[in-house]
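Below is one structure; the comments refer to it alone.
What follows draws every value from the coordinates through simple rules; no lab data is involved. Note that this is a predicted model, so its numbers are computed, not measured. No Cβ is skipped: glycine too gets one built from the backbone with ideal geometry, and neighbour counts run over all protein chains shown.
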Amino acid sequence: MKLLIVDDSSIIRSRIARILSDSRLPAIQIVGMARTGTEAVALFQQHTPDLVTMDLTMPEMDGVESTEAMITLKPDSNILIISALSDKATAIKALKKGAKGFLYKPFNDEQLIHALLEIME
C-alpha cells in the first residue's frame, strides 16, 4: 500500500507519518509528502499511490483542485480529506469530486486509523 501525504503543515505531515506505524494498519509505504497541491499532483503522477491524505487549504492549488486532478488521472483513487471544521462546505465539494472520506482537524490517532481503514476497504 503506497501513501501520499499532502498538507502544508510539516507538523501534520509528520504526525500522519508517525501514526502509520500502528499495528492495526496494513504495511503502508510513504511515497511522498507534499506541501502544495501542485507538488501533490506531480508526486501522484510519479508514484500512483493507493491512498492519499489531502489537506484542503494550501498554497498554489487547493485540495479540491488536487483531488479533481488525481481522480482524473486515476478514477479509483482513495483520497482522505483531512481539514478543519471551518472547511466543511469545501470538504463536501472535494467528496463530490471523488474523495472517499473526510476527517476533521484536530484529530487523534484513533480517528485517523479508523478513517484510513475505512477508505482502504
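For the chain, the alpha carbon convex hull comes to 85 Å³ per residue, rounded to a whole number. Taking amide hydrogens as placed 1.01 Å from N in the peptide plane, the amide H of LYS2 sits under 5 Å from those of GLN29, ASP50, LEU51, each at least 5 positions away in sequence or on another chain.
Using the Cα centre of the chain as the reference point, and only Cβ charges (+1 on K/R, -1 on D/E), how large is the resulting charge dipole? Debye, rounded to the nearest 20.
Details: 13 positive and 16 negative charges, 13 e Å.
Approximately 60 debye in magnitude.
With the simple spin-label model, which puts each label point 7 Å out from Cα in the Cβ direction, the ALA84 to HIS114 separation comes to 2.4 nm. Sorted largest first, the principal axis extents computed over the alpha-carbon atoms of segment 50-121 equal 30, 28, 18 Å. For segment 2-110, the residue among SER9, LEU95, THR72 whose Cα projects farthest onto the positive side of the dipole built from Cβ charges is LEU95.
Couplings 3J(HN,Hα) of segment 57-62, computed from phi: 9, 9, x, 6, 9, 7 Hz, in residue order, whole Hz [Karplus 6.51 cos²θ - 1.76 cosθ + 1.60, θ = phi - 60°; x for Gly and Pro].
For the chain, the number of Lys pairs with C-alpha atoms closer than 23 Å, counting only pairs eight or more positions apart or on separate chains, is 15. With the highest mean first, a sort of the peptides 109-117, 20-28 on other beta-carbon atoms found within 10 angstrom per residue produces 109-117, 20-28.
So what is the relative contact order for the chain, in percent, with contacts set as C-alpha pairs under 8 Å and at least six apart?
Once normalised by length, the contact order is 24 percent.
Rounded to the nearest 500, what is the 222 nm mean residue ellipticity of the chain from helices alone, with -39500 (n - 2.57) per DSSP H run of 4+ residues and division by all residues?
Counting only the DSSP helices, I get -13000 deg cm²/dmol.
Kirkwood-type hydrodynamic radius, segment 7-64: 12.0 Å, calculated from all non-identical alpha-carbon pairs. The packing ranking, built from the mean of other Cβ atoms within 10 Å per residue, places the peptides 51-59, 33-41, 5-13 in the order 51-59, 33-41, 5-13, highest first.
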